[in-house]
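Before any comments, here is the structure.
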Amino acid sequence: MKETPLSNCERRFLLRAIEEKKRLDGRQTYDYRNIKISFGTDYGCCIVELGKTRVLGQVSCELVSPKLNRATEGILFFNLELSQMAAPAFEPGRQSDLLVKLNRLLERCLRNSKCIDTESLCVVAGEKVWQIRVDLHLLNHDGNIIDAASIAAIVALCHFRRPDVSVQGDEVTLYTLEERDPVPLSIHHMPICVSFAFFQQGTYLLVDPNEREERVMDGLLVIAMNKHREICTIQSSGGIMLLKDQVLRCSKIAGVKVAEITELIQKALENDQKVRKEGGKFGFAESIANQRITAFRMEKAPVDTSDVEEKAEEIISEAEPPSEVVSKPVLWTPGTAQIGEGIENSWGDLEDSEKEDEDEGGSDEAIILDSIKMDTGEVSNIGSQDAPIVLSDSEEEEMIILEPDKNPKKIRTQTISATQVKAPSKKPVKKRKKKRAAN
């Protein structure tokens, strides 16, 4: 299903608002949408909400054989999926150009920047290493997928814990979570992507564009940076020419935004770890607020229950006492009984609509009887013939002749067309000619 295109009026309205330094959601030019991070029950599962854009991140691990050219390094694998649940324009089972571009950008941002120590994932050199797989699912699309996906990926990696392993000779022992505490990954830094949208050939700049702003933008600049202001990757798309001053300005803005997001991530991880140690509630059920379970939640109203008993006694005293008369059962026929007066029997009574239909039916019957009498008069005039013939539209009908002193007689009349009336007169003529020829 193709996405619904923007009309010219919407496009002009958005561009006019951007020229006046206004945005539809009330943000300023360099403002990010609200970021919310919630964790699942298991380690390595999280949901990141960037405004209305939601991404689910899940990290898993497996012991595999290493690559031949890197025998002492673990393997990192990233996979981003765009389902139709996020937006109807995404086609299932097909890798679009957008999906390929996002996956490559994620790999450059997280794998090529060496944010995770892959050598710490080695168990036995050349034989067993850990393969870390990061699956990202886009749950809702409202613009700026790459920023939300990069935050979800790094948060899931920081939150993930792999099982502990011991090596004795050639034997590799893998311990469960109950036997030994899981081991966190060794993370050097946290690269985060920041997107900048350009309009009117680079004249206007916006941070964190939403879905409608992405449709009318001329170009996009993505800068991946950590809190130490080290640029991990940079990518420009859209075919616009950017000046050196514009890129430097964007990098300074990205440094400020990355520091704020990194602090938010660290606080969320500390809070989750603290709750898990204390044995409190954690996971998605705890992170979802009450007002988000249903949109039709009623507001709590204070109710005074101090004088409930007194009010109840007043209501009972003012109410009329119930009648003590008990109706005696009435036996109409054996096996049936009626208690009380009951209601009138309406069986057999016709409703107004039925009465009108009956009256109309009676008038129709009178008209039919008159027509029958007319037809019977015609039949009596043609008494010389053996079978009476009546011309009508129907093929066969049954007629009843009503006489005052005699019993009603049923006469079955057969209607024939004009051509059928002439046919019997011709047949006897032919027979007579044959007889004459025989004589």
Would you compute the Debye intensity of the range 80-214 from its alpha-carbon atoms alone, equal scatterers and no solvent, and pass along log10 I(q)/I(0) at q = 0.21, 0.22 Å⁻¹ to two decimals?
-1.27, -1.33
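Taking 0.36 nm per intervening residue step and subtracting the Cα-Cα distance, what contour gain separates T305 from N140 on full extension? Before the final figure, lay out each step's value.
Numbers: separation 165, 0.36 × 165 = 59.40 nm, distance 4.54 nm.
Gain on stretching T305 to N140: 54.9 nm.
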Distance in nm between pseudo-label sites at K252 and E3 (7 Å out along the Cβ direction from Cα):
3.2 nm
Residues meeting the amide H criterion for A86 (H placed from the backbone, H to H distance under 5 Å, 5 or more places apart or on another chain) are none
Kirkwood Rh, the range 21-92, all Cα pairs: how many Å?
16.2 Å
Per residue, how large is the accessible surface of the range 1-132? Use a 1.4 angstrom probe and give square angstrom.
58 Å²
For the range 217-260, give the percent of accessible area contributed by carbon and sulfur heavy atoms, probe 1.4 Å, rounded to a whole number.
55 percent
Mean Cβ count within 10 Å, highest first, over the residues of peptides 24-31, 119-126:
119-126, 24-31
If you line up the Cα atoms of the range 1-153 on their principal axes, what length do they span on each, largest first, in Å?
63, 31, 31
What base-10 log of the normalised intensity I(q)/I(0) is obtained for the range 63-149 from the Debye formula, alpha carbons as equal point scatterers, at q = 0.16, 0.23 Å⁻¹?
-0.70, -1.04
For 39-49, 231-241, ranked highest to lowest by mean beta-carbon neighbours within 10 Å, the order is 39-49, 231-241
When all protein chains stay in place, what accessible area (Å², nearest 10, 1.4 Å probe) is found for C61?
40 Å²
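The values are calculated or read from the model by the stated rules, or taken from the named source; none is laboratory data. Just so it is clear, the structure is predicted and the values come from calculations on it, not from any experiment. Glycine also receives a Cβ, built like all others from the backbone with ideal geometry; neighbour counts cover every protein chain displayed. Each accessible area value is taken on the protein alone, full model and side chains, heavy atoms only, with ligands, DNA and RNA left out. Shrake-Rupley method; radii C 1.70, N 1.55, O 1.52, S 1.80 Å.
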